[in-house]
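A.B. asks: The structure's right below; bear with me while I get my questions together.
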Number of protein chains: 2
Amino acid sequence: MKNHLTPLEPKADKATVRRHNLSLVLRAVHDVGEATRAGIAAHVGLTRAAVSSLVEQLLEHGFVSEGGKTSSGQAGRPGTVLKVARSGPAGLGVEINIDYIAVCVVDLAGTDRVRVVEHVDNRGVAPSEVLAHAAGLAARAAGSAAEQDLLPAGVHVALPGLVTGGSVRQAPNLGWQRVAVEGLFAQALLALRPAHRALPVSSDNEANAAALAELWFGAGTEGVRSFLYLTGEIGVGGALVLKGDLLRGAHGFAGEIGHMVVDPEGPLCRCGARGCLEQYAGQAALLRAAGIDADAGVPGVFELGRRARRGEPAALAAIERAGRQLGVVVSGAVNLFDPDAVMLGGAYRELMDWLAPAVERELALRVVSGLWTEGGKRLRAASPLGDAARGAAGVIVREVLEDPAAYAERAAR
Amino acid sequence: MKNHLTPLEPKADKATVRRHNLSLVLRAVHDVGEATRAGIAAHVGLTRAAVSSLVEQLLEHGFVSEGGKTSSGQAGRPGTVLKVARSGPAGLGVEINIDYIAVCVVDLAGTDRVRVVEHVDNRGVAPSEVLAHAAGLAARAAGSAAEQDLLPAGVHVALPGLVTGGSVRQAPNLGWQRVAVEGLFAQALLALRPAHRALPVSSDNEANAAALAELWFGAGTEGVRSFLYLTGEIGVGGALVLKGDLLRGAHGFAGEIGHMVVDPEGPLCRCGARGCLEQYAGQAALLRAAGIDADAGVPGVFELGRRARRGEPAALAAIERAGRQLGVVVSGAVNLFDPDAVMLGGAYRELMDWLAPAVERELALRVVSGLWTEGGKRLRAASPLGDAARGAAGVIVREVLEDPAAYAERAAR
DNA sequence: CAGGCTTTGTTTATCTGCGGCACAAAGTGA
DNA sequence: TCACTTTGTGCCGCAGATAAACAAAGCCTG
């Protein structure tokens, strides 16, 4: 008798093979954009016959659609063009943030098809009320999607806080504590759409969703599959993507970079500890250091950017110092995780030009063995195309792409 | 045309299914220790018939062996006992460290069967010489293994440094830089055993190997599948294990916790930066702070332990301060990585009793949302059963367990 | 102690998904 | 027009899992 604990993955059989290859072919079509059966066969290593059979099934369930013939210009019979269907299954993403709620529907191909944003101050509002509001927007978005023949396969909700097991453990910026997000949201959504079938609801941290958006939809960062993502909002959020997979940690709380320590004897943080990064590179601290009214919120960052652009010394000094301290912590994270790149999102994007040099300097100094300087420029601004709502929708899309058979079975019932 | 870059995993077919289930059954036998065909069938979800066929193949290639009948005492026909073979394929692990070289042969069941340790000061010695020495010990161990009918399936070499792509990029404590470890070692080993077939050689960081040893062989930490592993040697090494998998990072350098920052203005580290953890909680710093001759090396830690046990204030204060600073960095890593536990290995094990309270205090204070205090005691001393050499051998064993078919094919040629 | 019950492990037939091959379809080029 | 090339689709065979039946080898009970 030894350790009974190593969890064994499930057995494999014909059905497993079919599921796997079905997803493989679908993702091949997805990645290539336009493909033929023969091309896919060559790409994934299956026989043309096998691909034919798989594609037939994918067509049947509406995951892909046939276009015209491929007028290649080269010799041989032209193939029939295959594309990911622009109607059918879709992802519904919801981002609940401090001062807005964003909803977004993404189709299987990854294009943004519906977007609803509403600016509301959610601070201090009862969680159930906020969730009901978000569900309302989601229902509206689902309606618009239906007009385009898009059917959400699920909803993914992103929130600024510690999320695990379907509920928010705490979200200081919203003032939430122990809120059963998935349950409440599902309930509210069902009440709004009694005729429809219940959508599976999942949830995650907002920074995680934004990082995934960067991974899937980010422009200019295509080759990067491992990165540390930072988002400078009220707090400092973080997420880790490693080889194309989000690192969630043992309980789902990974990436909380905002409370890593800059100076153990530093200013008191609202988390109770001293010298957290948030107290140096968070928005409030940054604005305060630059002499801007911190209550201004998001616009304050634009004001800071404006002053920096004008070359005001106080602004530049404040950003430089925050950058240095950000760099200290980020280099620690880089040493620990060895990513390909670091992406600065959120408010940091606005200040990138003045922030980056200071961060770079610390990275070059502190990342062991000069690894940082060798790999070329790896500190980047996050793409504006990636927002948390879109990333959240992407999570649903990804689930469908990774097991289309499961979705088809669910839809059949 | 979109991103051609999402790497697609290989296709699945009959062979894949067979390989997968073969490994599944083998690992089931491994985990349970003693099993019957029917028991395994129930455990992994396959039919008894399928398991029979798979077991037949495993018997044929010598991965498992049949024992007697299971005299259960309950009704029904007794089953034939299956065990992982105690002869046949094995793992050969080599640990090259600053002042010793350890070699270890582990059988498929995970038991230590051969062990060779030699104390030598490797500092300043030419890499090729050290590797030849290690290869000599490995050859000797392989000889002893052969007498017990154990045949190494490969060699895994663990070194204290940054290891990637088969070579050491830098190992400051050894004074190595850009050494093609795998090539040199394989060459030396082949020269020593001309009659044998070449063993596949792989390599990794020493802390990684030690962490894996903790995962696979550690006593008292069976349930823990995600942890941060620290080893206090000359430097401070680290490794991350997430859900039973080692987290290697994009280039294989993850876990370098020794150069995370305690105080950006702190003492200069040999890495060129200021205030690295190593300068506070490394052995040299720890001994210096306690007023012990730092050149004493490993024995110095025992001396420090002795003084702490006697209650000498200087020793206790030095350990306490190091613990506090270790705690600051570790809590940052915990925030970032969200593990189940933190394991202290190496020299820290010796000082655990006095180190732990200080580390715990910082963790309780700094890990966001009091997550640390909720989960019960999660700061643990690493098990003495897990050393890097054994972990390295385990890597080879693991490879065989995870694809026995591949090993059988290789062995057949 | 004989017969029933239970559990194990093997045997046989069946099913299904992929590989291989041949072949019709649909283009280009001389 | 004919040779050549490439695509997509039948058709057959193979292999591996399932399902069901069966022999084997122990308990339990009257």
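A.B. asks: Restricted to segment A:253-267, and to residues that are closer than 19 Å to A:ARG366 by Cα and surrounded by fewer than 22 Cβ atoms within 10 Å (Cβ to Cβ), which residue is nearest to the other protein chains (Cβ to nearest Cβ)?
C.D. replies: Among those that are closer than 19 Å to A:ARG366 by Cα and surrounded by fewer than 22 Cβ atoms within 10 Å (Cβ to Cβ), it is A:PRO264.
A.B. asks: Counting just the residues of segment A:25-53 that are outside any helix (DSSP H, G or I) and aliphatic (A, V, I, L, M), which one comes out farthest from the chain's Cα centre (by Cα)?
C.D. replies: A:LEU46
A.B. asks: A:ASP107: touching a helix residue (DSSP H, G or I) at 6+ places or on another chain (Cβ under 8 Å) and at pLDDT below 95, yes or no?
C.D. replies: no
A.B. asks: Okay, moving on. If only one of B:VAL32, B:VAL44 is β-branched (Val, Ile, Thr) and at pLDDT below 95, which one is it?
C.D. replies: None of the other options fit; the residue is B:VAL32.
A.B. asks: Would you pick out the residues in segment B:135-169 that are over 30 Å from B:HIS61 (Cα atoms) and touching a Phe, Trp or Tyr at 6+ places or on another chain (Cβ under 7 Å)?
C.D. replies: Residues satisfying the conditions are B:GLY161, B:LEU162, B:THR164, B:VAL168.
A.B. asks: Based on what the data block shows, is A:LEU174 more than 18 Å from the chain's Cα centre (by Cα) and either surrounded by fewer than 18 Cβ atoms within 10 Å (Cβ to Cβ) or modelled with pLDDT of 95 or more (or both)?
C.D. replies: Answer is no for this residue.
A.B. asks: Inspect all residues belonging to segment B:230-239 and state whether any of them is modelled with pLDDT of 95 or more and hydroxyl-bearing (Ser, Thr, Tyr).
C.D. replies: No, there is no match, as no residue in segment B:230-239 is modelled with pLDDT of 95 or more and hydroxyl-bearing (Ser, Thr, Tyr).
A.B. asks: Quick check on this structure: which one of A:ALA12, A:ALA109 is within 8 Å of DNA strand D (Cβ to nearest atom) and not polar (S, T, N, Q)?
C.D. replies: A:ALA12
A.B. asks: What number goes with the only condition from (1) surrounded by 14 or more Cβ atoms within 10 Å (Cβ to Cβ); (2) at positive phi; (3) not basic (Lys, Arg) that A:SER65 does not pass?
C.D. replies: Unmet for A:SER65, out of (1) surrounded by 14 or more Cβ atoms within 10 Å (Cβ to Cβ); (2) at positive phi; (3) not basic (Lys, Arg): (2).
A.B. asks: Something else: Have a look at B:ARG310, B:ARG306, B:ARG361 and point out the one that is of a type in the set (D, E, K, R), over 25 Å from the mean Cα position of the chain (by Cα) and within 14 Å of chain A (Cβ to nearest Cβ).
C.D. replies: B:ARG361
A.B. asks: In segment B:268-283, how many residues are in contact with a Lys or Arg (Cβ under 7 Å, 6 or more places away or on another chain) and either assigned to a loop (DSSP other than H, G, I, E, B) or crowded, with 21+ Cβ neighbours inside 10 Å (or both)?
C.D. replies: Residues in segment B:268-283 being in contact with a Lys or Arg (Cβ under 7 Å, 6 or more places away or on another chain) and either assigned to a loop (DSSP other than H, G, I, E, B) or crowded, with 21+ Cβ neighbours inside 10 Å (or both): 1 in total.
A.B. asks: Among the residues of segment A:330-364, write down those that are part of a strand (DSSP E or B) and either out of contact with any Phe, Trp or Tyr (no Cβ under 8 Å at 6 or more places or on another chain) or among the small types (Gly, Ala, Ser) (or both).
C.D. replies: Scanning segment A:330-364 gives A:ALA341, A:LEU344, A:GLY345, A:GLY346.
A.B. asks: Tell me, which residue of segment A:106-134 that is buried (at least 22 other Cβ atoms within 10 Å of the Cβ) and part of a loop (DSSP other than H, G, I, E, B) is farthest from the chain's Cα centre (by Cα)?
C.D. replies: The qualifying residue farthest from the chain's Cα centre (by Cα) is A:ASN122.
A.B. asks: Of all residues being under 23 Å from A:LEU151 (Cβ atoms) and of a type in the set (Val, Ile, Thr) in segment A:29-85, which is nearest to DNA strand C (Cβ to nearest atom)? Just the residue, please.
C.D. replies: Going through the qualifying residues, I end up with A:VAL55.
Condition check ((1) within 15 Å of DNA strand D (Cβ to nearest atom); (2) assigned to a strand (DSSP E or B); (3) buried (at least 21 other Cβ atoms within 10 Å of the Cβ)) across all residues:
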| position | (1), (2), (3) |
| --- | --- |
| A:SER23 | no, no, yes |
| A:ALA75 | yes, no, no |
| A:PRO78 | yes, no, no |
| A:LYS83 | yes, yes, no |
| A:VAL94 | no, yes, yes |
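A.B. asks: Output the residues belonging to segment B:327-355 that are in contact with a helix residue (DSSP H, G or I) (Cβ under 7 Å, 6 or more places away or on another chain) and away from every other protein chain (no Cβ under 12 Å).
C.D. replies: Correct list: B:MET343, B:LEU344, B:GLY345, B:ALA347, B:TYR348, B:GLU350, B:LEU351, B:TRP354, B:LEU355.
A.B. asks: Any chance you could count how many residues in segment A:186-234 are in a loop (DSSP other than H, G, I, E, B), out of contact with any Asp or Glu (no Cβ under 8 Å at 6 or more places or on another chain) and among the hydrophobic types (A, V, I, L, M, F, W, C)?
C.D. replies: Here the count works out to 5.
A.B. asks: Residues to consider are A:ARG37, A:ARG18; find the one that is out of contact with any Asp or Glu (no Cβ under 8 Å at 6 or more places or on another chain), more than 8 Å from chain B (Cβ to nearest Cβ) and crowded, with 17+ Cβ neighbours inside 10 Å.
C.D. replies: Testing whether each residue is out of contact with any Asp or Glu (no Cβ under 8 Å at 6 or more places or on another chain), more than 8 Å from chain B (Cβ to nearest Cβ) and crowded, with 17+ Cβ neighbours inside 10 Å leaves just A:ARG37.
A.B. asks: Among all residue pairs at least 6 apart or on different chains, which show Cβ distances below 9 Å where the first residue, located in segment A:41-66, is free of Cβ contacts under 8 Å to residues at least 12 places away in the same chain and the second is outside any helix (DSSP H, G or I) and within 10 Å of DNA strand D (Cβ to nearest atom)?
C.D. replies: Qualifying pairs under 9 Å: A:ALA41/A:THR47; A:LEU59/A:GLU66; A:LEU59/A:LEU82.
A.B. asks: Can you pull out every residue in segment B:232-252 that is surrounded by fewer than 22 Cβ atoms within 10 Å (Cβ to Cβ) and charged (D, E, K, R)?
C.D. replies: Across segment B:232-252, the qualifying residues are B:LYS243, B:ASP245, B:ARG248.
A.B. asks: Further, regarding this structure: Looking only at residues that are in contact with a strand residue (DSSP E or B) (Cβ under 7 Å, 6 or more places away or on another chain) and among the hydroxyl-bearing types (Ser, Thr, Tyr) in segment A:51-73, which one is farthest from DNA strand D (Cβ to nearest atom)?
C.D. replies: Within segment A:51-73, the match that is farthest from DNA strand D (Cβ to nearest atom) is A:SER65.
A.B. asks: Here is a further query. So is B:ARG366 out of contact with any Lys or Arg (no Cβ under 8 Å at 6 or more places or on another chain) and more than 12 Å from chain A (Cβ to nearest Cβ) or not?
C.D. replies: The answer is no for B:ARG366.
A.B. asks: Then there's this: Hey, can you tell me all the residues within segment A:365-413 that are on the phi > 0 side of the Ramachandran plot and not in a loop (DSSP other than H, G, I, E, B)?
C.D. replies: Correct list: A:SER369, A:GLY370.
A.B. asks: Still on this structure, please answer the following. When you check A:LEU287 against the structure, is it surrounded by fewer than 24 Cβ atoms within 10 Å (Cβ to Cβ), farther than 30 Å from A:GLY91 by Cα and more than 10 Å from every other protein chain (Cβ to nearest Cβ), yes or no?
C.D. replies: Criteria met by A:LEU287.
A.B. asks: Those residues that are out of contact with any Ser or Thr (no Cβ under 9 Å at 6 or more places or on another chain) and at the interface with another protein chain (Cβ under 10 Å from one of its Cβ atoms), I need them from segment B:268-284; list them, please.
C.D. replies: Of everything in segment B:268-284, those that are out of contact with any Ser or Thr (no Cβ under 9 Å at 6 or more places or on another chain) and at the interface with another protein chain (Cβ under 10 Å from one of its Cβ atoms) turn out to be B:CYS269, B:GLY272, B:ARG274, B:GLY275, B:CYS276, B:LEU277.
A.B. asks: Would you check which residues across segment B:135-151 are surrounded by 24 or more Cβ atoms within 10 Å (Cβ to Cβ) and touching a Gly at 6+ places or on another chain (Cβ under 8 Å) and list them?
C.D. replies: B:LEU150
A.B. asks: Also: Could you please find all residues in segment A:36-46 being more than 7 Å from DNA strand D (Cβ to nearest atom) and out of contact with any Ser or Thr (no Cβ under 9 Å at 6 or more places or on another chain)?
C.D. replies: Passing the criteria: A:ILE40, A:ALA42, A:HIS43, A:VAL44, A:GLY45, A:LEU46.
The values are calculated or read from the model by the stated rules, or taken from the named source; none is laboratory data. These numbers were taken from a predicted model, which means no experiment stands behind them. Reconstructed Cβ throughout: ideal geometry from the backbone, glycine too, with neighbour counts over all protein chains shown.
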